[in-house]
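The values are calculated or read from the model by the stated rules, or taken from the named source; none is laboratory data. Nothing here was measured: the structure is a model prediction, and the numbers come from that model. Cβ atoms come from the backbone with ideal geometry, glycine included; neighbour counts cover every protein chain shown. Heavy atoms of the whole protein, side chains included, go into the accessibility calculation; ligands, DNA and RNA do not. Shrake-Rupley method; radii C 1.70, N 1.55, O 1.52, S 1.80 Å.
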Amino acid sequence: MIRHLACFLAALAGIAAPAALGAAPLRIEITEGVIEPLPFAVPDFVPASPAAAGMAAQIARVVAEDLTGTGLFREIPASAFISTVSDFDAPVQYADWKAINAQALITGSVAEAGGQLTVQFRVHDVFSGAELGNGLQFTGTSDGWRRMAHKVADAVYSRITGEGGYFDSRVVFVSETGPKDDRRKRLAVMDYDGANVQYLTDSASIVLAPRFSPTGDRVLYTSYESGFPRIYVLDIGRIERRILEENEGTMSFAPRFAPDGQTVVYSLTEGGNTDIYTLSIATGQRTRLTNAPSIETAPSYSPDGKRIVFESDRSGTQQLYIMPAGGGEPTRISFGQGRYGTPVWSPRGDMIAFTKQNEGRFHIGVMRTDGSEERLLTASFLDEGPTWAPNGRVIMFTRETQGAGGSASLYSVDITGRNLRPVRTPEGASDPSWSPLQN
Amino acid sequence: MTHPLTSLTTPRLLMLCAVLALAACNNAAKYGGPGGAGGAGGSAVVAGSASDPRSPAYFQQTIGDRVLFQVDQSTLTPEAQQILNGQASWLMTNANFNAVIEGHADEQGTREYNLALGARRANAAREYLVSRGVAGNRLKVVSYGKERPIEICSEESCYAKNRRAVTVLASGLTG
């Protein structure tokens, strides 16, 4: 009886124009800084066969973790549910979800056959009593089930925020063990949420600051394998590395890809002086972009490839500058108190993330590309090395704790600074670099 | 990473190099002290006795293998110049040794900047040694930035010792 009533109400709601019910649209504006997260429910996905039940439940969990991890959403626990969803294609009993104040409801189904997984899902705007967009289906291998969950969460996030997602992405970083005076470092890559860690090098030599290529297939990094810091490129799929710069008597470090994926911008030190150069991966041709007795390092391209932001101490302390991609007169953009380093251009092109040192504290901050609207997002003994999520709305960075027992770990923070979270890694971790969204 | 090197030229050492394929071995065998041997830190036993003026131990302990720097500076203090004078004399007397000068920074700074700062420091020491008559082709420089502190507290007493340039001797086998 109750079920029938609910169906009736749901049907009625479906017939009436949803807006006439006076519900606010299911929408989050990220830039406004969400103080009250949007409540959502994601019941276990419906397994197409009993064998898929475990995976169906796990996928729903990962979707929920992705959404709550943004700080923009709040999950309503299953213990509060009035309805269950046992048939993906049956009409949704909106009143039951409205009663527990779920604004968004995510339903799904999971079918598994021969190592292949098919995931279907729908997003429901509970207060409008209607679907938000059309249902979608993803297929992939059973091993890649977490990726399927991330794809569902990316679609939900995109529909509700109007922004691109970032969950189906990876992070390459430096995994660290050992005390401060005998730290061992090796490269590792993992899903953005810390799952599926894979090691890419051993810890025989110091490795630093890996950076993803624009397509996520290769990584640039610095290694002391030769006895001197030199830049290398590593193919992630084949785990094959190649040295890029081996000029006797020099050091090279701080490499980063140009948007074309073929050019590397980096720092080269010769005779104690550090300047910025580019290198063509294909031809090995080197071009000098800066020529000053000061330290020029940490270069990062604008997404259109036309400009480079970098740090220089030419004014006496570390500050941020922008120059044309071919070199030329730089323009200083940082003017606040303290020192600014490690600038990274947002993938949206609108902002630059940086590390700031002021009065003995370190901060991760963002500013517009002309230096205006500077905003500090974090503060600690030592925060450094920001990297942008593919959608330009979240930043991951290294936080190192103080003292003899100090260790490094990864954190993420959204660009409002409200949602600071640790990123799970199996060991200490530093120097994260976020991949683009996977295909 | 620090291995006691008790013998200078025995096959055992060469084998160790081959097995470990350590950075140090690419640049001839090093006689590392704290902050030496690939910046690995710790206290290595170096060859010879600190009272034998021709021994690496004398260079490391009696003359002093390192000079210290002020915060964010690469200028050599008078004390540093005095130590480097001693290093220069020793290197000119013991022409069968080359050296790698390792520049280091304390942890108060971003990684890339500290690499560049360490390079400035190592280069300042190198240029001074060259100005005192040591042939430039005997001296290489490398920076470890803040990657290899020898003191691990987060206070100035430790930072002061970490802001250093260490002259690490290497037998001149491969020059």
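When you look at the Cβ of every residue in A:282-295, what mean number of other chain Cβ atoms sits within 10 Å?
Counting other chains' Cβ atoms within 10 Å and averaging over A:282-295 gives 1.
Hey, what did chain A get for relative contact order, percent, Cα under 8 Å, at least 6 apart?
11 percent
What lysines could a cross-link reach from B:LYS140, if we take a straight Cα to Cα line under 25 Å and drop same-chain neighbours fewer than 8 places away?
Reachable lysines: A:LYS185, B:LYS30, B:LYS161.
Can you list the residues of the stretch A:223-244 whose accessible area drops by at least 40 Å² going from the chain on its own to the full set of protein chains, with a 1.4 Å probe?
Residues shielded by partner chains are A:TYR224, A:GLY227, A:PHE228.
May I ask for the Rg/Rh ratio of the stretch A:235-314, computed from Cα atoms with Rh as the Kirkwood radius, given to two decimals?
With Rg and the Kirkwood Rh in hand, the quotient comes to 0.97.
Need the per-residue list for the stretch A:391-427: every residue with at least 30 Å² less accessible surface in the complex of protein chains than in the chain by itself, probe 1.4 Å, sorted by number.
A:ALA404
So what's the angle, to the nearest 10 degrees on a 0 to 90 scale, between helix A:145-161 and the longest Cα principal axis of chain A?
Approximately 80 degrees, to the nearest 10.
Find which of A:ALA429, A:ALA204, A:ALA153 sits farthest along the positive direction of the dipole of the protein assembly as shown, computed with +1 on the beta-carbon of Lys and Arg, -1 on that of Asp and Glu, about the Cα centre.
A:ALA204
Among the GluC sites (Glu not before Pro) in the stretch A:220-299, which ones are in a DSSP loop with at most 16 other Cβ atoms within 10 Å of the Cβ? Mind listing them?
Of the GluC sites (Glu not before Pro), the ones in loops of the stretch A:220-299 whose Cβ has at most 16 other Cβ atoms within 10 Å are A:GLU246, A:GLU248.
Considering every residue in B:143-155, what mean count of other chain Cβ atoms within 10 Å of its Cβ is obtained?
5
What is the dipole size for the protein assembly as shown, taken about its Cα centre, with +1 at each Lys and Arg Cβ and -1 at each Asp and Glu Cβ, in debye to the nearest 20?
The calculation lands at about 1160 debye.
Can you work out ³J(HN,Hα) from phi for every residue in the stretch B:130-147, in order, using Karplus 6.51 cos²θ - 1.76 cosθ + 1.60 and θ = phi - 60°, giving whole Hz and x for Gly and Pro?
Ordered by residue, 3J(HN,Hα) equals 5, 5, 8, x, 6, 5, x, 6, 8, 10, 9, 10, 8, 10, 9, x, 9, 6 Hz.
Using the heavy atoms of the protein chains and a 1.4 angstrom probe, tell me the accessible area per residue for the stretch A:108-257 in square angstrom. Can you show the working numbers first?
Values: 5110 Å² over 150 residues.
Roughly 34 Å² per residue, with all protein chains present.
For chain A, what are the per-bin percents of Cα-Cα distances with bins 10 Å wide, up to the bin holding the maximum?
Taking every Cα pair in chain A, the percentages come to 4, 20, 27, 22, 14, 8, 3, 0, 0.
What number do you get for the stretch A:107-218 when its Cα radius of gyration is normalised by 2.2 N^0.38 Å, N = residues?
Taking N as the residue count of the stretch A:107-218, the ratio is 1.42.
Using only DSSP helix segments of four residues or longer, with each worth -39500 (n - 2.57), what per-residue ellipticity at 222 nm results for the protein assembly as shown after dividing by its residue count and rounding to 500?
The helix contribution divided over the protein assembly as shown gives -5500 deg cm²/dmol.
Between A:THR283 and A:ALA78, what is 0.36 nm times their sequence separation minus the Cα-Cα distance? Round to one decimal in nm.
This chain segment gains 68.0 nm when fully extended.
Mind checking the per residue accessible area of the stretch A:343-420 for me, 1.4 Å probe, whole number of Å²?
32 Å²
Probe radius 1.4 Å, ligands and nucleic acids ignored: give me the carbon and sulfur share of the accessible area of the stretch A:17-158 as a rounded percent. All intermediate terms of the calculation are to be shown ahead of the outcome.
Details: 3240 of 6120 Å².
After summing per-atom areas, the C and S share lands at 53 percent.
What dipole magnitude, in Debye to the nearest 20, does the stretch A:171-434 give about its Cα centre under +1 on Lys/Arg Cβ and -1 on Asp/Glu Cβ?
360 debye
Assuming a ≥ b ≥ c are the square roots of the Cα gyration tensor eigenvalues, decide whether the stretch A:39-110 counts as rounded (a/c under 1.5), prolate (otherwise, with a/b larger than b/c) or oblate.
Since a/c reaches 1.5 but b/c is at least a/b, the shape of the stretch A:39-110 is classed as oblate.
Scan around A:ILE28 for amide H atoms under 5 Å from its own, H built in the peptide plane at 1.01 Å from N, and keep only partners 5 or more places away or cross-chain.
For A:ILE28, whose amide H was placed from the backbone, the distant partners under 5 Å are A:THR161.
In degrees from 0 to 90, rounded to the nearest 10, what is the angle of the helix A:53-69 Cα long axis to the longest principal axis of chain A?
Helix A:53-69 and the main axis of chain A meet at about 60 degrees.
Hey, which aspartates and glutamates would be in cross-link range of A:LYS356, C-alpha to C-alpha under 14 Å, not counting anything within fewer than 8 residues on its own chain?
A:GLU311, A:ASP313, A:GLU374, A:ASP383, A:GLU384, B:GLU112
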